[in-house]
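To start, the structure itself, in structure tokens.
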Amino acid sequence: GLDLYLYAIAAGAARVVIAAPASEAPQYLEAMDAQMQLAETLLHGLGYAGEHYRLVQDEALQAALEAESLPELPKAVAAFNPFNEKRTTLEFCIDHFVKHAPITLPESISLPAGAPFGEVKVDPSSCTLCMSCVSACPVAALRDTPGQPMLKFIERNCVQCGLCEATCPEDAIRLQPRLLLAAEVTQPRTLHEDKPFHCVSCGKVFGTTRMVENMAKKLDGHSMFATPEAKRRLSMCGDCRVIDMMGGGR
């Protein structure tokens with residue numbers, strides 16, 4: 001996996017060469033090669049040029065190991081051991097490569113789809129702050145703000161699993177794979193916020209302005225909300241809506 005590929009270079013290996021028998025399942029080889037390519041992309045983005053990884057057939061192993069040209073490597077060997085948690089190993093390796101980078105690093109490095117690093121982009125014109133994405137996020141990268149209609153994001157936590165994108169009922173989320181090297185990668189940042197909507201009857205907050213506007217727009221023309229009184233009920237909290245209906249305000 002990516003964690004051990006990167007750790008091998010951080011720990012002092014000049015190159016990682018894996019020899020696969022011809023009988024190996026092609027799907028397994030494709031997965032290994034994809035992880036190697038991702039590791040190479042990361043190292044190249046951090047300024048370490050050359051070929052650090054190679055997947056070969058058994059008979060080509062010796063030639064690959066005897067290759068004369070070596071890739072660029074960190075000036076120091078990592079002083080840590082790999083961790084049981086893959087994400088922790090990745091973070092320590094990247095910090096090591098950043099510390100010893102031979103170039104002035106950019107603020108971020110673009111990565112291919114499927115990379116375990118990146119940001120979440122939210123379309124503010126579609127997002128209603130229903131917080132379905134927060135409930136779906138397994139790593140607490142997406143967070144709500146108690147008492148405020150505000151969606152926050154910690155990029156360091158994001159593994160680009162796509163659950164937020166698949167869960168969003170408004171199709172307002174897109175993933176953007178990248179490695180952010182700026183300090184803000186560990187800090188919560190606001191992706192979207194809206195004004196709280198107050199019940200027109202009791203004044204209690206029960207949603208966001210866009211959520212109520214979208215609901216009214218989708219139900220416009222529905223037979224159950226044909227009268228002004230019924231339309232006004234959409235701007236009430238659940239309790240007041242029931243009271244209004246029981247009171248005969250149809």
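Candidates GLU59, GLU107: the one that is acidic (Asp, Glu) and either farther than 17 Å from LEU179 by Cα or over 28 Å from the mean Cα position of the chain (by Cα) (or both) is GLU59.
In the stretch 165-214, counting only strands (runs of 3 or more DSSP E) that sit wholly within it, the ones holding 2 or more residues that are surrounded by fewer than 18 Cβ atoms within 10 Å (Cβ to Cβ) span 173-180, 189-193, 196-198. When PRO188, PRO149, PRO177 are checked against the criterion of being of a type outside the set (Val, Ile, Thr) and over 16 Å from the mean Cα position of the chain (by Cα), PRO149 stands alone in meeting it.
Among all positions in the stretch 196-219, there is at least one residue which is closer than 30 Å to SER108 by Cβ, of a type in the set (Lys, Arg) and under 38 Å from the mean Cα position of the chain (by Cα). When the stretch 230-250 is filtered for residues that are surrounded by fewer than 17 Cβ atoms within 10 Å (Cβ to Cβ) and in a helix (DSSP H, G or I), the ones remaining, listed by number, are LYS231, ARG232, GLY238, ASP239, VAL242, ILE243, MET245, MET246. Which ones in the stretch 127-160 are over 21 Å from VAL185 (Cα atoms) and either of a type in the set (Phe, Trp, Tyr) or open to solvent by 30 Å² or more (accessible area, probe 1.4 Å) (or both)? Passing the criteria: CYS130, MET131, SER132, SER135, PRO146, GLY147, GLN148.
Only one of the numbered conditions (1) loosely packed, with under 15 Cβ neighbours inside 10 Å; (2) of a type in the set (Ser, Thr, Tyr); (3) touching a Ser or Thr at 6+ places or on another chain (Cβ under 8 Å) is not met by THR227, and that is (3).
Which residues, taken from the stretch 62-79, are more than 28 Å from LEU181 (Cβ to Cβ), without any contact (Cβ under 8 Å) to a residue 12 or more places away in the chain and among the aliphatic types (A, V, I, L, M)? Once the filter is applied, which keeps residues that are more than 28 Å from LEU181 (Cβ to Cβ), without any contact (Cβ under 8 Å) to a residue 12 or more places away in the chain and among the aliphatic types (A, V, I, L, M), the stretch 62-79 yields only ALA63.
The values are calculated or read from the model by the stated rules, or taken from the named source; none is laboratory data. Being a predicted model, the structure only gives us computed values, none of them experimental. As a convention, Cβ positions derive from the backbone with ideal geometry for all residues, glycine included, and neighbour counts pool all protein chains shown. SASA here: full protein model, heavy atoms, side chains in, ligands and nucleic acids out. Shrake-Rupley method; radii C 1.70, N 1.55, O 1.52, S 1.80 Å.
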